[in-house]
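> Structure below; questions to follow.
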Amino acid sequence: MSDDADGDEILTPDEAFARLGNETRVEILRCLGEAGRPLQFSELHARTDVQDSGQFNYHLRKLVGQFVHKTEEGYMLSRMGRRVVEAVLSGAVTDTPSLERTQVDEPCEYCGAPIEVTWTEGSVRMFCTECPGQFGRAFDGGTGTDAEVGYLGRLPLPAAGVQDRTPAELLHAARIAGTLEVYALSAGVCPRCSGTVERDISVCKDHDVDGGLCENCQSRHAVGVSFQCTNCIYKAGGGPGLGVITDTALLAFLIDHGYNPIAGESMTEVNRVHQKYDEEIISLDPLRVELTFHLDDDSLSLTLDEQLRVLE
C-alpha cells in the first residue's frame with residue numbers, strides 16, 4: 001500500500017459529493033465512526049464487506065485528506081468525515097419515520113386549546129386544534145406553501161429523534177434542539193455550517209389580525225424576519241422575537257421569574273413568552289418596533305431598529 005495521500009487537497013462541493021457517491025466509501029466512514037478510535041489498514045479492511053484489498057485501498061485513498069486523516073496510530077475521521085457519519089446515523093438521509101397528527105398535553109400559546117404535533121421531513125410541526133394558529137404559510141427550505149389551519153410553526157428534529165419517543169417527548173426534544181438553533185441564528189451564526197447569517201426584515205404595512213391571521217401577510221405579526229446563510233443553503237424565518245432571543249434583558253426577565261431558557265422543564269413557558277408578545281410599529285423610516293413580552297404580572301418592552309438591535 002502506498003503511503004502518499006492528498007492530505008492538503010481542497011475539494012469543491014461537486015468534488016466532495018463525488019467522493020462520497022459510493023457505498024464502499026460511506027461504509028468505510030461508518031466503520032471508522034463506530035470504532036471511535038484510529039484503525040490500521042488491515043483492521044479497517046476487515047470491518048468492511050470489501051474482499052479485494054486493492055479495491056478497498058482505492059476507495060480509502062479517495063477519502064484521505066478531506067474525510068479521513070492518516071496518522072501513526074492509523075486511519076481516523078476528520079471533522080468533515082464525522083459530520084457525514086453523524087448525518088447518516090441521525091437518519092437524516094436514511095430513515096423515513098412518520099407520525100400522524102397527535103394531540104399532546106400542551107396548550108396553544110394564543111388561545112389555550114390543546115395542540116397537535118406531527119413529524120415529517122426532519123421537522124416537528126405544531127397545530128392548534130381550535131384557533132387559526134400563528135402562520136397561514138409554511139416556509140420549508142425557503143419555499144412558501146399554504147399551511148393547514150392552526151399552523152403554529154415547525155421545529156427541526158432529525159429522524160433519529162423520533163425513535164423511542166412519545167409525541168409529547170418528541171415535541172420536548174424538538175423544543176430544546178430548536179431553541180439552541182435559534183440562539184445561533186440570533187447571534188448571526190449558521191447552525192449548520194457556522195457561516196455568517198444575514199437577516200432580512202419585512203413589514204406588513206396593512207396589517208389586520210381581526211380574524212387571528214392577517215389576510216395580507218398570513219401571520220399574527222406585522223414584522224417578520226428571515227435568516228439566510230451566506231455560505232450554505234440554510235434558511236429560516238419567523239417573528240422579530242427570534243432576533244432578540246439572546247438579548248440580556250430578555251434572558252434576565254425569564255431567569256428572574258424562575259425559568260431557565262435552555263432547560264427542558266422550562267421550555268413550554270419560555271416558548272410562550274417568545275411567541276406571544278405585543279408588537280407596536282413606532283415608525284417605518286427608520287424602522288422602529290417595540291416588542292413587549294409578558295410573564296406572570298410583569299412585562300418587558302424592547303425597542304428594535306431595522307437590524308433588530310435593541311435600542312432601549
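The values are calculated or read from the model by the stated rules, or taken from the named source; none is laboratory data. Model, not experiment: these values are computed from the prediction. Every residue, glycine among them, receives a Cβ derived from its backbone with ideal geometry; neighbour counts consider all protein chains shown.
> Is it the case that segment 217-225 has a residue that's among the aliphatic types (A, V, I, L, M), free of Cβ contacts under 8 Å to residues at least 40 places away in the same chain and farther than 14 Å from Phe293 by Cα?
no
> Just a yes or no: is a residue in segment 267-288 surrounded by 18 or more Cβ atoms within 10 Å (Cβ to Cβ), farther than 17 Å from Leu152 by Cβ and either of a type in the set (Asp, Glu) or not assigned by TED's automatic domain parsing to the domain that holds Gly112 (or both)?
No, segment 267-288 contains no residue that is surrounded by 18 or more Cβ atoms within 10 Å (Cβ to Cβ), farther than 17 Å from Leu152 by Cβ and either of a type in the set (Asp, Glu) or not assigned by TED's automatic domain parsing to the domain that holds Gly112 (or both).
> Anything in segment 146-157 that is surrounded by fewer than 19 Cβ atoms within 10 Å (Cβ to Cβ) and either outside the structural domain of Gly239 (by TED's automatic domain parsing) or of a type outside the set (Asp, Glu) (or both)? List them, or say none.
Val149, Pro156 - these are the residues of segment 146-157 that are surrounded by fewer than 19 Cβ atoms within 10 Å (Cβ to Cβ) and either outside the structural domain of Gly239 (by TED's automatic domain parsing) or of a type outside the set (Asp, Glu) (or both).
> Also: Tally time: how many residues in segment 290-312 are at pLDDT below 90, among the acidic types (Asp, Glu) and in a strand (DSSP E or B)?
The qualifying residues number 0.
> On the given criteria, is Cys229 under 22 Å from Met80 (Cα atoms) and crowded, with 18+ Cβ neighbours inside 10 Å?
Taking the combined requirement at face value, the residue satisfies it.
> Confirm whether Ala222 is at pLDDT 85 or above, among the aliphatic types (A, V, I, L, M) and in the same structural domain as Ala173 (by TED's automatic domain parsing).
For Ala222, the condition - at pLDDT 85 or above, among the aliphatic types (A, V, I, L, M) and in the same structural domain as Ala173 (by TED's automatic domain parsing) - is met.
> Could I ask something else about it? Out of segment 143-192, which residues are of a type outside the set (D, E, K, R), more than 23 Å from Ser90 (Cα to Cα) and modelled with pLDDT under 85?
Thr143, Gly144, Thr145, Ala147
> Show the residue pairs meeting these rules: Cβ distance below 7 Å; 6+ apart or different chains; first residue within segment 26-41 and in a loop (DSSP other than H, G, I, E, B); second residue among the polar types (S, T, N, Q).
Qualifying pairs under 7 Å: Pro38/Thr71.
> Being crowded, with 16+ Cβ neighbours inside 10 Å and among the polar types (S, T, N, Q) is the filter here; which residues of segment 167-208 pass it?
Thr179, Ser186
> Of everything in segment 43-54 that's part of a helix (DSSP H, G or I) and at pLDDT 90 or above, which residue is farthest from the chain's Cα centre (by Cα)?
Result: Gly54.
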